[in-house]
Every structure is written in structure tokens, then in C-alpha cells.
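One structure is given below, encoded as C-alpha cells.
The values are calculated or read from the model by the stated rules, or taken from the named source; none is laboratory data. Owing to the predicted nature of the structure, the values given are computational and were not obtained by experimental measurement. In this analysis, Cβ positions are derived from the backbone assuming ideal geometry, glycine residues included, and neighbour counts consider all displayed protein chains.
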Amino acid sequence: MFLIASIVTIVDSIDLTVLTIYGYTRAFTPVIPRAGRLRVDPQLQDQIRKMPQTDKIIEAGGFFFNINTVFGRLPFVCFGVNPAQRDYLIGRAGDKLAEGRMPAEGQPEAVVSEGIVRNRRLKLGDVLAAPTDTGSLVSVPVPVKLVGILSGPTWIAFTSRQFSDAALPLVPHSVLVTTHNVADQVNFGDTLMASLDKVQVQVFSFHSLVKELRDTLSSMYLIMSLVNGTVILVVALMSGMLSAIGIPRRILLVHAVSETAILTAIGWIVGSGVDLAFMAGLRGSLFEPRGMLINPTDPLAYFYTAPIPVCITLFAVATVGYRLSRLDPVTIIERR
């Protein structure tokens, strides 16, 4: 139980990590210019503005910094917007300032979510991005310090628009599109992706990112299912055999059923508790700093272990039932 649940939880961390990294697309949809353009064409912006779901269109600069993931270091965007827009977007994302302060206008400063702080093992005053960073899409010309930490469900990062425009004038500006109702944002991202000219812009919709992720990981999940199926079969066979060994002939089949079912149920509950405590204990100290966001209560992990007590019980019952069915009454009388 512990082995299988741990494997499933760790593998699912890949899915959870990527969905968390791009979780801000649930609050707003970035539309990024293509083909060397620095800004989204005004006609496309007008097209977006005329859509009935559109609430705001926010032009944003920014830079990228690295975060740790199971795939290695990946770039994460720090949006450059003005204070009113920043507060509006943070509120839509469900986050709020927990420590420090917001970035000062025109200064190389940033505010990021607490998940990113844990991922990078940062504290207030540390350098978030520097000119010497490698692997980032767009390096900053001066060190950018962390001055504020956001608490909440969404990974997000902001700097001032004055700083990003002055320090990185040639970096393309995206537009961040929001809906009147936050609940409509995910579906609206799909609408934008289907409606806008894909030659001119790239739309970061939540569903497109999820689909791309699932397609990429489909082979891994197939392998995981095969491995888990094999482990479940082997464990069930061995446990069932151990449950059947030494059972006296006088024990009836109903005793075998009840005893085996109770023992396997208790074992499943204990194993679930051990797995939950183990994963919760290592989440912050081992997994998150290495870019693995795990969910100790992942339902899929416990779903995969559900067949174990069932298979063990069925195999033990089948074994004992077979033995009972072949007993010779004369042998029983002779107590052999």
C-alpha cells in the first residue's frame, strides 16, 4: 500500500507542478506577440475588447527568472504592470501580500508568491534575478531583489512597469486579458485561442497547457499503470498465499473471508496513514525545493491501492476454498 501510493503521489507531482506553475492562466489569459513583434497589434486588441466576456486588457512588460522543476530549471515570468493593475490581478488570483511590501516604481524589485519562495529557498532581500543567470529567456541588466511575498493559491510574480520598460525596452509586451467573472476565465482562454490569429499571437490558455502536458506525459502514465498493476498482482499473490498457509482444515471458508478481509482493511488503513505522514513530512523539506509539488492526500494514489485488499481477500478465499473442496471426508475423520 505504502509503496504504490508513494509511487503514484510522486508521479502525479509532475502534473500538479506544471498546473501550479501555469495556474495564473485561471485568473487572466496572456496573449503574446509572435514573429518579432514587440506589441500585440492594436486591431487584435480591438477584436478582444469587443468580445462580450472581456473585462480588461492590460499591457505588460516583464522579465524571466528560473524556478526549479522535475524537468530542470524553467523560466517563470515576472510581469511588469502599474500598481493599480498589479493589485487587480493579485486579487483575481486569490493572493494577498503576506510579508514585506510591493515593488517601488522604477526600482529593480519584485513581489512573488510564497510557493516560488519555497521553490527557490528565498527570503526577503535576496536576489530573484541577476544578469549572470543562465537558462533564462530574458536576463535582467541589473539584480532584482525580492521585497514582498504573496500568500495564496496562485504562483505569480510582479515588478513595476517603469522598471521593466526602462531596463528591457526591446522585450515583447504581452496583453493580459481578464473576464468580468473569474469563473469564466478558463473557457474564455479557449475562445481567444480559437479566435485570434495564431500567426500574430500566441495565447496561453489553461486548457491548451493542460492538454500539452497530458499528451507529453501519456507514455509515462501508461508505464506507471503497468508497473502498479504488476506490483498489485505480486503483492496480492504473495499476501494471499501467506494468508492461506497453515490454515487448519477445520476452519470454514467464512472464517477465511472475514479474517482476511479485516486484516487487509486494517493494513490498508495503516498503510494510508504511513504514506500520508511520510509524504507530508518530506513535502516542504525535500520535494518542493527540488521543484516537485506533491499532494499527500492525492485521491489517485489511494485509488490505485484499493485493488490490493480486494485481490488479497479474493486470492486467499480462492485458495482456502479450493483446499476445502478437495478434502476427503475419510481423511477428516482420520484427522489427517
**Asked** Is there a residue in the stretch 114-122 that is assigned to a helix (DSSP H, G or I) and touching a Lys or Arg at 6+ places or on another chain (Cβ under 8 Å)?
**Response** yes
**Asked** Are there any pairs, at least 6 apart or on different chains, whose C-beta atoms fall under 9 Å, with the first in the stretch 154-183 and acidic (Asp, Glu) and the second crowded, with 16+ Cβ neighbours inside 10 Å and not in a loop (DSSP other than H, G, I, E, B), and if so, which?
**Response** Asp165/Gly61; Asp165/Gly80
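For (1) under 22 Å from the mean Cα position of the chain (by Cα); (2) polar (S, T, N, Q); (3) within 28 Å of Leu44 (Cα to Cα), each residue gets a yes or a no:
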position: Val127; (1), (2), (3): no, no, no
position: Val142; (1), (2), (3): no, no, no
position: Thr159; (1), (2), (3): no, yes, yes
position: Phe163; (1), (2), (3): no, no, yes
position: Val171; (1), (2), (3): no, no, yes
position: Leu176; (1), (2), (3): no, no, yes
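Rundown of residues vs (1) among the β-branched types (Val, Ile, Thr); (2) under 30 Å from Asp184 (Cβ atoms); (3) outside the structural domain of Phe188 (by TED's automatic domain parsing), yes/no style:
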residue: Phe63; (1), (2), (3): no, yes, no
residue: Asp87; (1), (2), (3): no, yes, no
residue: Glu99; (1), (2), (3): no, no, no
residue: Ala104; (1), (2), (3): no, no, no
residue: Val117; (1), (2), (3): yes, no, no
residue: Gly125; (1), (2), (3): no, no, no
residue: Lys145; (1), (2), (3): no, no, no
residue: Thr154; (1), (2), (3): yes, yes, no
**Request:** Take the residues in the stretch 1-40 that are of a type in the set (A, V, I, L, M) and closer than 21 Å to Asn68 by Cβ, then tell me which one is modelled with the highest pLDDT.
**Result:** Ile21
**Residue among Gly100, Gly148, Gly72, Gly61 that alone is over 15 Å from Ile21 (Cβ atoms) and at pLDDT below 95** = Gly61
**Asked** Could we say that Gly106 is over 15 Å from Ile67 (Cα atoms), over 25 Å from the mean Cα position of the chain (by Cα) and not in a loop (DSSP other than H, G, I, E, B) here?
**Response** no
